[in-house]
Every structure is written in structure tokens, then in C-alpha cells.
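The structure under discussion appears below in the form of C-alpha cells.
We did not get these values from a lab; they are worked out from the coordinates using the rules stated. Since this is a predicted model, take the numbers as computed values, not measurements. Quick reminder, even Gly has a Cβ in these numbers, built from the backbone with ideal geometry, and neighbours come from all protein chains shown.
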Amino acid sequence: MLTSEETERYARQIVLPEVGGPGQQRIKAARVLVNGAGGLGSPVLAYLTAAGVGTLGIVDHDRVARSNLQRQVIHGTPDIGRLKVESARDAIARLNPNVAVEPHAVRLTPKNARAIVAAYDVVVDATDNFPTRFAIADACAAERKPLVTAAVLTFYGTVTVLKPYETGPDGAPNPGLRGIMTEPDDSVVPTCAEFGILGTVPGVLGSLAATEVLKIITGVGTPLVRRMLTLDLRDMSFDVLAYEDATP
Amino acid sequence: MLITVKLFATFRQGRFKEDRRDIPAGATVADVLASLAITPPEVGMVFVRGRHAEIDRPLADGDVVSLFPLVGGG
């Protein structure tokens, strides 16, 4: 049941015929795990908080640095030096005290990933490195959790939804992360520290990822399963690539 | 053989977004990469007609090759 405070708070999305009271109840009952409280994680956490997701798990072992503040907008100047999960938890409480936060100030690895993701309904990959991305993807595939994964670099970004434990309309399994790319040598992967990132880029991609989470929870629209939305924010070109893995 | 090459993200810099080109019979994705001065370690994802492919994959007339660099930041 929604309280009168919640009904007023979420009025603008409850009035959407596609959401309504039942949709808002689903959002309130949902448990979402957000891996990474950084550039992508900030808008994900902010918008899922604003929308009233009942429980947000946050995984991030890192502390807020001054150079984060150009894009990691859930943190502020007084948070420099604090654990990101604690800084984010406090920002979430200020925005919406109805949201419960479960901080995990750890680095997610193949050893701990399954146990962490198992407790949630939907998982977001908002991390910044491929070893963690593959650990998350493997865990979500094993635990049958939908994974919204986004990535950014300079002026570009991608977002897609992975559900490899389900089949598509053609009867073939949906691709998982290992079905569409080989885990790279992390030492040669370009980083935002090295090549740069415009702060609004993770803002846009993170908002898109949060949108996909809410669509999955409420059943609204068509999530980006077997489709990758790629953005080039230099010329504002948005492309949707339909993809399959190599196995026919 | 006539193929279409689509480049994404940082691969577009100094190159193009989409290009149709004639390639010899038997050419592979690796040959296309070499023609673009893209080294295999730079590649994140390769799709041929929307299906994930390895770089030694031979190409066919009409193929659409989509090439992504390693984009993993957050």
C-alpha cells in the first residue's frame, strides 16, 4: 500500500496509464543492485531513488575524489574522502527517505558476485572496468537476474539489457556478455582518466539505464534485450544495433 | 565483394561512421581492421549482420560489419 506521502510524491508517474498504482507498488517492492556509485551510478541512483525503488543495493569500494565531482553528481564537495556508498546513502536519504539502502563497500569479484546479486531483482552494471563487468554478467546469468549494462568513454556510450537465461522469439537463448565480446586484457583498455569523459555523457547513459530498470520493474515498453543503444554525443547520433551471439 | 562497415565510438575519429567498400573474395574481419589501421587489441565488439563474430571470420557479399572499440568506463 502507498502512503498519502508516497501518493503525492510519485503522482507524476502514477498518473501515467502504463504505471498507475500497480506499477508504483511494483517499484516500491523492487530491490535493485547498482554496481558503481560513480559517473553512471550517480544518475542511476538518483532517478531510481526519485522513482521510489524500495531498496537500492550499492556496490563500490572506492572513496570520493575531487576529480570525481565533475560528473559523479550524487556526491558533493564535503564528501571528498568518504566512502562512495556512504556518500550516496546520505544523498538518497535526503532525496527520498522511503528508499532503503544496502551499502556494499567491497570490490565485486567472481568469488563474491553471486551471493551479492542473488538478493536483488534487477542489477545495474555502472562500473568502470571489464574484470568487474564480466564478474557481474556471469553472476547475473547464473542467478537469472536481468542486467542493465552501460558504458562510456569520451563522448560515447552504450547501454543494453542482458537476459541470457531466457530465449528470444526465435527460440534461441538471448546473448550474454561472453556471447558478444571476449574479456579483454584490462591493461590495454582505455580509461576515462586517460582519454577523458564529458560529465554529461554518463549523465545521459545513466538516465537511460535507470529508465530500463523502471521498464523492467513495471513491464512498460520494450527493454533493450538483444539491442544495443549506442550514443555519439558529438553529433547527437543515436543508433540501435540488434545483435545476436555467434552461436546460431 | 561489396560490404558495409559501420564504426562506433572512438573508432569514428579520423575515419567515418559508415562506409561501403569493395573487398577481395575471402577477406576477413581482420583484413578490414588492418585497412582501417585498427589493431586487434583495440577491438571491443565485432558484429557481422548483427551476429557476434571473431576477427578471423571470412566475409560475404552484402555483409554489414559493425566495429566497436573497448568502451568500459563508468
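Structural remarks
- Taking the fewest neighbouring Cβ atoms within 10 Å as the starting point, the ordered list for A:47, A:10 is A:47, A:10.
- Using a Gaussian network model of chain A in which every pair of alpha carbons under 10 angstrom is joined by a spring, one finds that among A:116, A:74, A:180 the greatest mean-square fluctuation is at A:180.
- Computed over region A:37-145, relative contact order equals 30 percent, with contacts defined as Cα pairs under 8 Å that lie 6+ residues apart.
- Overall Cα dimensions of region A:35-90, principal axis frame, Å, largest first: 29, 19, 17
- Cross-link reach list, aspartates and glutamates versus residue A:84, counting only Cα pairs under 15 Å and skipping chain neighbours closer than eight places: A:60, A:62, A:102, A:128
- In order along region A:193-205, the Karplus-derived 3J(HN,Hα) couplings, from 6.51 cos²θ - 1.76 cosθ + 1.60 at θ = phi - 60°, round to 5, 7, 9, x, 7, 6, x, 6, 5, x, x, 5, 5 Hz, and Gly and Pro are given as x.
- Pairs of Cα atoms farther than 29 Å apart, chain A, %: 26
- Remark: relative contact order (region A:9-242) = 21 percent; criterion is Cα-Cα distance under 8 angstrom and separation of 6 or more residues.
- For chain B, a Gaussian network of Cα nodes joined below 10 Å ranks B:44, B:26, B:14 by mean-square fluctuation, and the top entry is B:14.
- Karplus (6.51, -1.76, 1.60) ³J(HN,Hα), θ = phi - 60°, over region A:211-227, in Hz, Gly and Pro reported as x: 4, 4, 4, 5, 5, 5, 5, 8, x, 6, x, 10, x, 7, 8, 6, 9
- When all alpha carbon pairs of region A:1-127 are counted in 5 Å bins from zero, the resulting P(r) reads 2, 11, 21, 22, 17, 13, 8, 4, 1 %.
- Kirkwood radius for region B:2-69, taken over all pairs of different Cα atoms as the inverse mean of 1/r, rounds to 11.7 Å.
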